[in-house]
Each structure stands twice: as structure tokens, then as C-alpha cells.
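Just below is one structure, and these are the notes that go with it.
The values are calculated or read from the model by the stated rules, or taken from the named source; none is laboratory data. Note that this is a predicted model, so its numbers are computed, not measured. We place every Cβ from the backbone using ideal geometry, glycine too, and count neighbours over all the protein chains shown. Surface accessibility is based on the protein's heavy atoms, side chains included, excluding ligands, DNA and RNA. Shrake-Rupley method; radii C 1.70, N 1.55, O 1.52, S 1.80 Å.
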Amino acid sequence: YGFIDKTGKQVIPCVYDYVYSFSEGLAGVKLNYKWGFIDKTGKQVVPCVYDDAYSFSEGLAGVALNGKYGFIDKTGKQVIPCVYDYAYSFSEGLAHVALNGKWGFIDKTGKQVIPCVYDLAWNYSEGFASVKLNGKLGFIDKTGKQVVPCVYDDVRYFSAFDIIVAIVGESEENQVRYYYDRD
């Protein structure tokens, strides 16, 4: 993989095993089974030394070393140590991380602000994150308060309407819907 411009001219040679799109001026690249980051000139800004990597978001990128995840800044400096089972991109100042099979949220200093107690967790969007607890889904706010209890089989967030919809039941006619309007 490499990169071309809008005219089709190759601007970064096709030498990589895989690449991500540019995000915040850098693109993740995989070379010889290791991940690093390049700038738009093709210069390797962060060497390909990581086992896994995610795109930069809010100035940080999740990376893995020896099976554990942490975060680096755009210079390649590890700002949050690789101690997590999994770690995904920052969204609204928080990243969802897993420790010992449970998910929670950390801030950009690495402080755990919402304990790792959930079965699964997803990124924040407009102040809410969906979480799974005991096999059921709900939503928490940025303080960790469950604003929609974890009792639903499926949940969707419709930001355009400021409404959260939760659905219980498999068939359309047996579904119970819950609407939460934060206003």
C-alpha cells in the first residue's frame, strides 16, 4: 500500500503491508508486521515498532506492545503506558479501555475516570456512551451515571434528534421501545 494524489500520481510509494487514512496529519502504516506512523510527505514520524495501532484522535493514538495497549503522542512518546488488554481511540476526552476482561474509561492523563466494570463499552458521542453489563445494553454519561439502564437488547443513539432509543425483544411486534430525551 501507498498513497496517490487526486490526479493519480503516487506521492508515497507502495511499500507498506497496510495503511490507514490520514488522521490529524499522520497515517498508520504496517511494515513487516509492525505499525508506525508517517506524515503526508511519507516521512516515518513514529517507527514501525508496534504490534497494533489505531489512528490519531484528539492528539493521541492507541498502540500495542507485547499484547498490551497504551497511547502515544504525535512524536511517538508513550504518554499512557501499555498496560491495558485493549484501548480504543479518544472521543470527547475519554477512551474506552479493557482490564481483566472488563471495560471502563480513562482520560488523557491515563487516570481511570469510569471504572472497568462493563462487559463492553463504545466511544462517547455528544456526552453519552453505550455500555453492556450482564449481557444487556444501556447508556452512561461522562460521570459514569447510567442515564439509560443496562436492561436492553439493542440501543441506538440518534444525535440529530437528541434521543436515545433502546429496544427489547427479537421480533418487531414484541419490541418495547424506550426513548430518552435529555432535555
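General observations
- Taking every C-alpha pair closer than 8 Å and separated by at least 6 residues, the mean separation divided by the residue count of the chain gives a relative contact order of 8 percent.
- Since only 125, 66, 137 are under comparison, the one whose Cα sits farthest along the positive direction of the charge dipole of the chain, derived from C-beta charges on Lys, Arg, Asp and Glu, is 66.
- Percentage relative contact order, the stretch 33-86, counting C-alpha pairs under 8 Å, at least six apart: 24 percent
- Cut-off under 5 Å, modelled amide H: who pairs with residue 61 long-range: 72
- The 1.4 Å probe gives accessible areas that order 97, 19, 49, largest first, as 49, 19, 97.
- Relative pair counts by distance (%), Cα atoms of the stretch 59-138, 5 Å bins: 3, 17, 28, 26, 15, 8, 2, 1
- Given charges at beta-carbon only (K, R positive; D, E negative), |dipole| of the chain in Debye: 760 debye
- A cut-off of 5 Å between modelled amide H atoms, ignoring neighbours fewer than 5 places along the same chain, links residue 105 with 97, 113, 114.
- Solvent-accessible surface (1.4 Å probe) assigned to residue 75 amounts to roughly 110 Å².
- Area accessible to solvent at residue 5, 1.4 Å probe radius, in Å²: 60 Å²
- Counting all C-alpha pairs of the chain, share separated by more than 19 Å (%): 63 percent
- Principal axis dimensions, largest first and in whole angstrom, of the stretch 1-86 by Cα: 43, 26, 17
- Measuring gaps between exposed loop sites in the chain (trypsin sites (Lys or Arg not before Pro); DSSP loop; at most 12 other Cβ atoms within 10 Å), the longest gap, sites not included, is 146-181.
- Computed on the stretch 1-98, with alpha-carbon pairs under 8 angstrom and 6+ residues apart, the relative contact order is 15 percent.
- Entry comment: accessible area of the chain is 53 Å² per residue, from protein heavy atoms only and a probe of 1.4 Å.
- Given charges at beta-carbon only (K, R positive; D, E negative), |dipole| of the stretch 53-103 in Debye: 140 debye
- Straight-line cross-link partners of residue 132 among the lysines, defined as a Cα under 21 Å from its Cα and at least 8 positions apart when in the same chain: 102, 142, 145.
- When the solvent-accessible area of the chain is split by element, carbon and sulfur atoms take up 53 percent of it, the probe being 1.4 Å.
- Positive-end residue of 75, 103, 115, charge dipole of the chain with Cβ unit charges: 75
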